[in-house]
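Here the structure is laid out as structure tokens; the discussion comes afterwards.
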Amino acid sequence: MKFQTNKREYIFSVLDFVLVLFLISTVDARAPGGRTFDDNYYVTWGNVLKLNQGTEVQLSMDQTAGSGFNSKHKFGSGFFEMRIKLPPKDTAGVVTTFYLTSKGDTQDELDFEFLGDREGKPIHIQTNVFINGQGNREQKFVLWFDPSADFHTYGILWNPYQIVFYVDKVPIRIFKNNKKYGVGYPSKPMTVVASLWNGEGWATDGGRSKINWSYAPFKANFQRFSDSGCHADGPNINAKVCGSTTYWWNTVQYSMLSANETTAFKNVRAKYMTYDYCSDQPRYPVPPTECRLNQ
Ligand SMILES: *[C@@H]1O[C@H](CO)[C@@H](O)[C@H](O)[C@H]1NC(C)=O
Ligand SMILES: *[C@@H]1O[C@H](CO)[C@@H](O)[C@H](O)[C@H]1NC(C)=O
């Protein structure tokens, strides 16, 4: 009896050891740097398929629903990146998003919206900045590559000095902190959100090009679920803490563009920007103050 118990304990401890080794090896293979979807994100709606041990997800949209996910944390600053592969072929009316939002009616929000189009016509990237629920700051671009052919990295830097939208390390838009000149600046804790949804009412040709459902389900893939932001959960968040230079994205080299970034920024805007609210005179006879200051 005693012998049997000992033997069983021995077998269990060997099994435990093997199990621990197994877990260590699968965690390693699965999540270099702890970057599975489940570590930092959760599904909020629709059909989201986890791939490659949770390091990639695929959002789908059919006629019944789109889909989306949120970060588990809210943030007060950070450098948020996502690798995204957009739905291919005819995607008129289909909108893929990656954005930061504080939610509600008086939200701060920083948007990437990918507006699909008929096959052969370019997908547009629309960026927007909301402060206290007020947006209307659209800038649109076409891309210098086919964003549905492969993954590309889309980034949003948000620190006390500036907001920068990046495409594969190229800055395409800057919104500087000009509070000292009375320009608003996003400051509310924000969640990272991604989604795939039906935007046929507005997204393509001002809403004239509708979704062709014979191409459904539409699928967008996402990778890189890192957590490179200052956590700002709960009611007691102190904005000063998230502005601290102990976070790398708040250090001096992220307070302005470098020389080569400035060159790339000017080049992209000259060649690929298709709409800028700052130069939409019928809409803004007097351009908003930030337009001049962000130059
Ligand atoms: C600018 O140079 C840095 C350092 O060499 C590099 O990491 C970065 O990708 C460059 N940016 C652009 C837009 O070329
Ligand atoms: C939708 O796409 C299919 C397949 O290409 C095509 O036959 C059909 O005419 C399209 N429908 C509309 C409304 O454009």
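The values are calculated or read from the model by the stated rules, or taken from the named source; none is laboratory data. Just so we're clear, the structure is a prediction, and the values are computed from it rather than from any experiment. Heads up, the Cβs are rebuilt from the backbone with ideal geometry, glycines too, and the neighbour counts pull from every protein chain shown.
Of the residues 250, 198, 221, only one is more than 16 Å from ligand 1 (Cβ to nearest atom), surrounded by 16 or more Cβ atoms within 10 Å (Cβ to Cβ) and more than 25 Å from residue 172 (Cβ to Cβ); which? 198 is the lone residue from the list that is more than 16 Å from ligand 1 (Cβ to nearest atom), surrounded by 16 or more Cβ atoms within 10 Å (Cβ to Cβ) and more than 25 Å from residue 172 (Cβ to Cβ).
Checking 118, 83 one by one, the residue that is basic (Lys, Arg), surrounded by fewer than 23 Cβ atoms within 10 Å (Cβ to Cβ) and touching a Lys or Arg at 6+ places or on another chain (Cβ under 6 Å) is 83 and no other.
Scoring residue 201 on the criteria (1) assigned to a strand (DSSP E or B); (2) under 21 Å from residue 122 (Cβ atoms) leaves a single failure, condition (1). Residues in region 71-80 that are within 17 Å of residue 55 (Cα to Cα) and crowded, with 19+ Cβ neighbours inside 10 Å: 71, 80.
Here residue 222 meets each of (1) farther than 15 Å from residue 155 by Cβ; (2) at pLDDT 95 or above with one exception, condition (1). Restricting region 244-289 to residues that are touching a Cys at 6+ places or on another chain (Cβ under 6 Å) and modelled with pLDDT of 95 or more, the residue that is farthest from residue 124 (Cα to Cα) is 247.
Can you tell me which residue within region 204-218, out of those that are out of contact with any strand residue (DSSP E or B) (no Cβ under 9 Å at 6 or more places or on another chain) and either of a type in the set (Ser, Thr, Tyr) or assigned to a loop (DSSP other than H, G, I, E, B) (or both), is farthest from ligand 1 (Cβ to nearest atom)? Taking the candidates together, the pick is 214. Taking the listed residues 187, 226, the one that is surrounded by 18 or more Cβ atoms within 10 Å (Cβ to Cβ), over 20 Å from residue 172 (Cβ atoms) and not acidic (Asp, Glu) is 187, with no other qualifying. With (1) surrounded by fewer than 19 Cβ atoms within 10 Å (Cβ to Cβ); (2) within 16 Å of ligand 1 (Cβ to nearest atom); (3) among the basic types (Lys, Arg) as the list, and residue 179 as the residue in question, which single condition is left unmet? The one condition residue 179 does not meet is (2).
Take residue 171 and tell me if it is modelled with pLDDT of 95 or more and either in a helix (DSSP H, G or I) or within 15 Å of ligand 1 (Cβ to nearest atom) (or both). So residue 171 fits the description; yes.
Filtering region 50-65 to residues that are surrounded by fewer than 22 Cβ atoms within 10 Å (Cβ to Cβ) and either under 17 Å from residue 97 (Cα atoms) or of a type in the set (S, T, N, Q) (or both) leaves 52, 53, 55, 56, 58, 60, 62, 63, 64, 65. Residues of region 158-198 that are basic (Lys, Arg) and over 23 Å from residue 122 (Cα atoms): 176, 179, 180, 188. Scanning region 90-102 for any residue that is closer than 22 Å to residue 179 by Cβ and in a loop (DSSP other than H, G, I, E, B) turns up at least one such residue.
Residues are listed down the side, and each one gets a yes or a no for (1) closer than 24 Å to residue 35 by Cβ; (2) touching a Ser or Thr at 6+ places or on another chain (Cβ under 7 Å):
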| residue | (1), (2) |
| --- | --- |
| 70 | yes, yes |
| 73 | yes, no |
| 91 | no, no |
| 129 | no, no |
